[in-house]
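Only one structure is covered here, and it is reproduced in the block below.
The values are calculated or read from the model by the stated rules, or taken from the named source; none is laboratory data. Keep in mind the model is a prediction, meaning the values are calculated, not measured. For neighbour counting, all protein chains shown are included, and Cβ atoms are generated from backbone atoms with ideal geometry for every residue, glycine included. Remember, those area values only see protein heavy atoms, side chains included, never the ligands or the DNA or RNA. Shrake-Rupley method; radii C 1.70, N 1.55, O 1.52, S 1.80 Å.
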Protein chains: 4
Amino acid sequence: MKSIGVGLVGSGFMGKAHALAWNAVKPVFGDVPDVRLVHLADAAEDLARRKADEFGFERASGDWRRVVADPDVDVVSITTPNRFHREMAQAALAAGKHIWCEKPMSPSLADSELMLASARTSGKVAVLGYNYIQNPVIRHIRSLLDEAVIGRVNHVRIEMDEDFLADPDAPFQQRHEASNGWGALDDFGVHPLSLVLTLFGPPARVMCDMAKPYPTRRTPEGERAVEVFDIATILMRLHSGASGIVTVSRTAWGRKGRIAIQIFGGSGSILYDQERMNEFQLYLTADRATEQGFRTILTAPHHRPYDRFVPTAGHGLGFNDLKVIECRQLIGRIGGEAALAIDFEDGILIERAVDAAARSFREGRWVEIG
Amino acid sequence: MKSIGVGLVGSGFMGKAHALAWNAVKPVFGDVPDVRLVHLADAAEDLARRKADEFGFERASGDWRRVVADPDVDVVSITTPNRFHREMAQAALAAGKHIWCEKPMSPSLADSELMLASARTSGKVAVLGYNYIQNPVIRHIRSLLDEAVIGRVNHVRIEMDEDFLADPDAPFQQRHEASNGWGALDDFGVHPLSLVLTLFGPPARVMCDMAKPYPTRRTPEGERAVEVFDIATILMRLHSGASGIVTVSRTAWGRKGRIAIQIFGGSGSILYDQERMNEFQLYLTADRATEQGFRTILTAPHHRPYDRFVPTAGHGLGFNDLKVIECRQLIGRIGGEAALAIDFEDGILIERAVDAAARSFREGRWVEIG
Amino acid sequence: MKSIGVGLVGSGFMGKAHALAWNAVKPVFGDVPDVRLVHLADAAEDLARRKADEFGFERASGDWRRVVADPDVDVVSITTPNRFHREMAQAALAAGKHIWCEKPMSPSLADSELMLASARTSGKVAVLGYNYIQNPVIRHIRSLLDEAVIGRVNHVRIEMDEDFLADPDAPFQQRHEASNGWGALDDFGVHPLSLVLTLFGPPARVMCDMAKPYPTRRTPEGERAVEVFDIATILMRLHSGASGIVTVSRTAWGRKGRIAIQIFGGSGSILYDQERMNEFQLYLTADRATEQGFRTILTAPHHRPYDRFVPTAGHGLGFNDLKVIECRQLIGRIGGEAALAIDFEDGILIERAVDAAARSFREGRWVEIG
Amino acid sequence: MKSIGVGLVGSGFMGKAHALAWNAVKPVFGDVPDVRLVHLADAAEDLARRKADEFGFERASGDWRRVVADPDVDVVSITTPNRFHREMAQAALAAGKHIWCEKPMSPSLADSELMLASARTSGKVAVLGYNYIQNPVIRHIRSLLDEAVIGRVNHVRIEMDEDFLADPDAPFQQRHEASNGWGALDDFGVHPLSLVLTLFGPPARVMCDMAKPYPTRRTPEGERAVEVFDIATILMRLHSGASGIVTVSRTAWGRKGRIAIQIFGGSGSILYDQERMNEFQLYLTADRATEQGFRTILTAPHHRPYDRFVPTAGHGLGFNDLKVIECRQLIGRIGGEAALAIDFEDGILIERAVDAAARSFREGRWVEIG
């Protein structure tokens, strides 16, 4: 593969993140084909044209089907709202394109299963945008777990908290409608679940609680019942027998991008917080007793692929850099490498865990994941 | 009341803490009666005699009943293992003594209810040793909540973690037997529950999970099944409707005395960690948007009664100082003040929550607390 | 200006950083001309060719003079070792090119003054690579100071510490020779001095101490005296009368990219640490007394131009992103904007402070900066 | 020695701290004689009487000479303002008493030398109240340095900052007069110097700068020039050749009791902050490269004598507990033990360093310490 032709559908938050990644992946990594930015689509053609100019795409369109049909496009980045994912992914796969689809797969487990079936049929690479697992810190934690540096893991806690829905006086929004799914569980919960999956494999059974911090919100006409849950907690058992807690909130004032992980093993512990994404903490019982403590470890070139961005320790990657790594993994997969990425095969495991959690909540009991 | 006669039963960890508190309470606070250290009992008379000398008690005995019967004793500190609490408390109350009994009330809810009944009958002050609520930080957080500085609370998380049972290779101990109760739930869980009670009132319903990180432990003869649970998690709903999580572990390597509290409200959040007991964090949406952040607030004389220990800010109290404050509260209660303390009336609410949590775990469902 | 033609000299650490910035500046900011990557030079032509391919440059050369002479090049990035800066900068300016030259200007104050003279003569934009001042956090701190949010500043401390020369057993390197300058003072010290300059203006007088943690280093033949100083401390007075300390070390084990700033004012304080570059701390006496504390403030879209990278708070920029901002400032200057950047006019003030500090050290006394 | 008779002069901040320590030392440590609280003096007799009652002293007096003359008194705690130290210490020593005198020795080096001479003549124990060195953390750091765990120390920084004089609008106080000495240098600087002395021995030469953040202060009549310096910085060389910085400020908003220590060695580093006095940080190059980081180590029973206060790790000592340890050291010295304490022989080294620093500041040059 001498070059790779890229199509991009959507140019908002995630669309821009994909565009930045496609621009940076070769200068950062070097060892990839030339990236040709072919075709960008967004709902409005003039917006698409402006963004194509900014992001460096050759062509622009107001119709995503033209990107999918473009013969120069090898891979399609899908960054539209979740409810469009199934249709676009299936069309792109059917057209013989690889896809890089933002998480989650879709708002419905049935649709997600259809997406998986299409990917299998197509034989194309279908990777999901679970960027947090690409952090060199997370990748290093994964290798420490594989090495059993902290022994056998017996307990895990992951909290994911933000505050963009924390204001009780903010008005009712479209996202408060049930058509968006459960709320925090599927919107946020999939991120910690992607980390659980990457670090430990899928959960075996779950018990979920959800809460509505603000059951009603004001509208121009008065009050309206909020239909989604901004807080969700999943108690879980992993197949290893370890117990775990995943808890997510969109109403946690002061939390901006917190994903706090605590992993406890037989001979040590690991801590991480996404708000300080360039460090993690490690406690080892192998250290001399009088000097045991959590080490705060800054990322450095030996935490691959940090070295591709900066050759000296402690200088820090940013959120967008994770997407560049994800892009490199996608290209690796296209080239046949066994690159770390959550593809549709793995992504469906996350969707099934979400579905089981929702059922557990409705029924007030533990649910096994098939 | 010109002076107060003190009896102490038990001279171990908590016995010493009580002794230090009784020695310090007048020099620290000034505004209390003279404290007369009358009688100390421990299981072995020579130990009792030695400790009486060290702690400054006049008399020593190998029989706790002699302390209870001593006419110069006004208040009895009970610091023996939990299974002795009921008998000692009832005897002391029957003898007309006030009591200061270490937490929890007893390993059995039925026994705890009997203790409450005895306290009611006696008309004496019966205070439990829930020292963490006495931290000036916690007392100040309580006043901030009363003031609604962070608005209406919608979510609470409390983690209590230590690592004294975290070594999988450590042998089976007596504390791994079921006769000790559930394990982390009643041994540890009562501390976070005392904080929930003090800050928010008792939970309305609970859903509990427990786990055994190390299901078996070695004995001189081989392996033996561990009968208690070193990890427990309680999902809860407060009467206010707020959701909460209490999770406790005795196998969390690196955690030494962690009690991490997160409180989220409509206009701010509060964080606290017992391992840094002289500070807390506060986020306020009232701050200018571009400078909103968690403030790390160090204790200072205006956080009462820190001022009784040190007249300048940021100089720090220690664990034993909390016991001195608790002692002052007890004396206040004896003198008829409405002092903050968890007496048997409040303590039974904690025991009932523990009992409901255990039932919830056994039955795999939510349990309402009567 | 419809497009801007870029030449790059050097393709190592900083050369790659420039290349990444030139690739990203338009996708990130949008409001800039097309960037055309024209010509890359490095000492070896094959290396230059490989890097040109990776970074996206059209042409490659083993001779930097061909970049300077290339008519399609409008601006030259100079990222070679410091001792080459003067010659390259003067040649590029003489050829009518704008320049973006890595810090510091040169190892000799006399040469730096010549560079300034050339820039003045040319009328071209000549910007230095002081990237740390471009952090949205630092830019926001600057605006807080301008607003006098913490009142009149009376004291400043900046520490810059790394550990790449901390190993006493590492062998003598070329960088231990006096031909490289003073050592930490001019290699590192210019970074904190760039922050002093940006936030407060240049120092008025300085008193400097330097130290050699390891006076000798091993060579294949034995031991050799280290000729540079790995630790330097500058006491200073600002023109405002405020006192300050700048201290730098290259032998501080555990410090990887620490630049710790402490600013004390009449009504508050500001703290920052480059190792956690996406946050800063602010203490305000305007807060209610019982809740005063250092706020940890995470970067967010309102801290410009963070918003150009990510539209949500707390998601974090990386080291390379600062270079993209610096690149945008350079383009702004070329377009006539009053963009924040340290050009040769400002850069010379840093060089003069370094020179005065060195003199102060030699003479053991305070030195006024002319 | 069966019991020890205590006299206390002064009942303010430090007087109370001494009283608390004398009350606690036997219950905490056990292995000391009975402590008999004999005689308390303060300037006003009724205050003395009230405090004697609170603190548990048998006798009270408005004249400190009566304490010194009391035949039941074996040791005199001197906690009055610094200008009274010399006269009281000399009188007590002449009367054959041991003394526990608050730091510093006196405002004048000549007077301090006289105090030392009297102590030598008397043959009595004369210990100074440098409590921070008694923290189990500091004592453990000392043992780590002795063990060369971080190799040979090459650089040290100590900052001591508080904010009680940080308000520019606060009026002129008596402490702004030159009669109090230099200001931050001798009031605060002695604390970090006591740490330098304890950890590394006395400095060999010093270069000092001092600053007045607010040169004038308002009085009822107008403005008055401040005669002391609220900020002081001492550059130093230790006898080992290591370089160091001690910097102190009384106008650092937000700092309440900060004493931040940074120690850099050939194979690691140690960090400490008095505001979090129950932890320290340790970086070791002996750790595996990919997991090197600063460990945050919580105090625990193996950090002696923490175990005498609490038998479990991470539960925290407070400021007053340090005084209890200091008291135990004093009693040890009286009993002939080689206990860690700063006596007049060591204290004079601190006073001489302060004196040399002041001379250095006046003369704008480095000063050797004789």
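For a straight C-alpha distance cut-off of 12 angstrom, the aspartates and glutamates reachable from A:K212 (same-chain residues fewer than eight places away being disregarded) are A:E227, A:D230.
To the nearest 500 deg cm²/dmol, what mean residue ellipticity at 222 nm is calculated for chain D from DSSP H runs of n ≥ 4 alone, each contributing -39,500 (n - 2.57), summed and divided by the residues? Before the final figure, lay out each step's value.
Values: 10 runs with 120 residues, N = 370.
Value at 222 nm, helices only, nearest 500: -10000 deg cm²/dmol.
Summing Cβ point charges (Lys, Arg +1; Asp, Glu -1) relative to the Cα centre of the protein assembly as shown gives a dipole of roughly 0 debye.
Dipole magnitude for segment D:224-370: about 320 debye, using +1 per Lys or Arg Cβ and -1 per Asp or Glu Cβ, origin at the Cα centre. In a Gaussian network model over chain D where Cα atoms closer than 10 Å are linked, find which of D:G62, D:G332, D:G293 has the largest mean-square fluctuation. Sorting by GNM fluctuation, first place goes to D:G293. How big a patch of accessible area, both sides summed and in Å² to the nearest 100, lies buried between C and A at a 1.4 Å probe? Answer for the C-A pair: about 3100 Å² buried.
For segment A:109-162 versus segment C:230-298, the spacing of their alpha-carbon centroids is 38 Å. Amide H contacts under 5 Å for A:G183: A:F229, restricted to partners 5 or more places along the chain or on a different chain, H placed in the peptide plane at 1.01 Å from N. GNM remark for chain B: springs join alpha carbons under 10 Å apart, and the peak mean-square fluctuation among B:H302, B:H85, B:H39 falls on B:H302.
For the rotation carrying C onto A, the chain C residue whose Cβ lies nearest the axis, with the distance in whole Å, reads C:G318, 2. Along segment D:339-352 the Karplus relation, 6.51 cos²θ - 1.76 cosθ + 1.60 evaluated at θ = phi - 60°, assigns HN-Hα couplings of 6, 5, 6, 9, 8, 5, 4, 7, x, 5, 5, 5, 4, 5 Hz to successive residues, with x for each Gly and Pro. Using the Cβ-Cβ distance between C:T216 and D:F84 with R0 set to 35 Å, the FRET efficiency works out to roughly 0.10. Just to verify a number: FRET efficiency for C:R304 and A:D53, C-beta to C-beta distance, R0 = 22 Å, to 0.05? In this case the efficiency is close to 0.45.
Straight Cα distances below 19 angstrom link D:K2 to the lysines B:K51, D:K26, D:K97, D:K124, with same-chain residues fewer than 8 positions distant left out. Of B:P107, B:M207, B:A225, which is farthest towards the positive pole of chain B's charge dipole, taken about the Cα centre with +1 and -1 on the beta-carbons of Lys, Arg and Asp, Glu respectively? Checked the options; the winner is B:M207. Inter-copy label distances at B:P220, shortest first and taken from points set 7 Å along Cα to Cβ: 6.5, 8.2, 8.3 nm. Converting phi to 3J(HN,Hα) with the Karplus coefficients 6.51, -1.76 and 1.60 and the offset θ = phi - 60°, segment C:31-36 yields 8, 10, x, 4, 9, 10 Hz in sequence order, with x at every glycine or proline.
Is segment D:184-307 rounded, prolate or oblate when judged by the Cα gyration tensor, a ≥ b ≥ c being the square roots of its eigenvalues, rounded requiring a/c under 1.5 and prolate requiring a/b larger than b/c?
Details: a/c = 2.54, a/b = 1.86, b/c = 1.37.
In terms of gyration-tensor shape, prolate.
Rg/Rh, computed from the Cα trace of segment A:274-370 with Rh as the Kirkwood radius, has the value 1.12.
Proximity of backbone amide H atoms, modeled 1.01 Å from N, is registered between A:A43 and no other residue at under 5 Å, excluding neighbours fewer than 5 places apart on the same chain. Could you please state how large a percent of the accessible area of the protein assembly as shown is carbon and sulfur, counting protein chains only and using a 1.4 Å probe? In the protein assembly as shown, the share of accessible area belonging to carbon and sulfur is 49 percent.
Ellipsoid semi-axes for segment A:108-184, based on the Cα gyration tensor and the rule √(5λ), read 31, 26, 12 Å when sorted largest first. Looking at the square roots a ≥ b ≥ c of the eigenvalues of the Cα gyration tensor of chain D, which shape do they give, rounded for a/c under 1.5, prolate if a/b is larger than b/c, or oblate? Here chain D falls in the oblate category. Let me make sure I get this right: for the protein assembly as shown, a, b and c are the square roots of the gyration tensor eigenvalues over alpha carbons, sorted descending. Under 1.5 in a/c it's rounded, otherwise prolate if a/b > b/c, else oblate. Which is it? Taking the square roots of the gyration eigenvalues as a ≥ b ≥ c, the protein assembly as shown is oblate. Residues of segment A:303-340 whose accessible area (probe 1.4 Å, heavy atoms of protein chains only) drops by at least 50 Å² once all protein chains are present, relative to their chain alone: A:H315, A:F319, A:N320. Specify the residue with the greatest mean-square fluctuation among B:V35, B:V248, B:V156, computed from a Gaussian network of chain B linking alpha-carbon atoms under 10 Å apart. Comparing B:V35, B:V248, B:V156 in the GNM, the peak value goes to B:V35. Distances between equivalent label points of A:G370 across the copies, with each point positioned 7 Å along Cα→Cβ, amount to 4.2, 8.5, 9.2 nm, shortest listed first.
Calculate the FRET efficiency for C:S240 and C:A110 from the Cβ-Cβ distance with a Förster distance of 25 Å, rounded to the nearest 0.05. Efficiency, rounded to the nearest 0.05: 0.25.
Computed extension length for B:E45-B:D72: 7.8 nm, one decimal, from 0.36 nm per residue of separation with the Cα-Cα distance subtracted. Measuring nothing but how far apart in sequence close Cα pairs (under 8 Å, 6+ apart) lie, relative to its length, chain B scores a relative contact order of 18 percent.
How much of the DSSP bridge set in chain B is antiparallel, in percent, rounded to the nearest 5? About 60 percent, rounded to the nearest 5.
Distances, shortest first, from the label point of B:D63 to those at the same position in the other copies read 5.5, 10.1, 10.9 nm; the point lies 7 Å along Cα to C-beta. Each residue of segment C:280-285 is assigned a 3J(HN,Hα), and the resulting list reads 8, 10, 9, 10, 10, 6 Hz, derived from the Karplus form 6.51 cos²θ - 1.76 cosθ + 1.60 (θ = phi - 60°), x at Gly and Pro.
Surface exposure of chain C, expressed per residue as accessible area with a 1.4 Å probe, stands at 32 Å².
For C:T251, nonlocal amide neighbours, meaning residues 5 or more places apart or on other chains whose placed amide H falls under 5 Å from its own, are C:E162.
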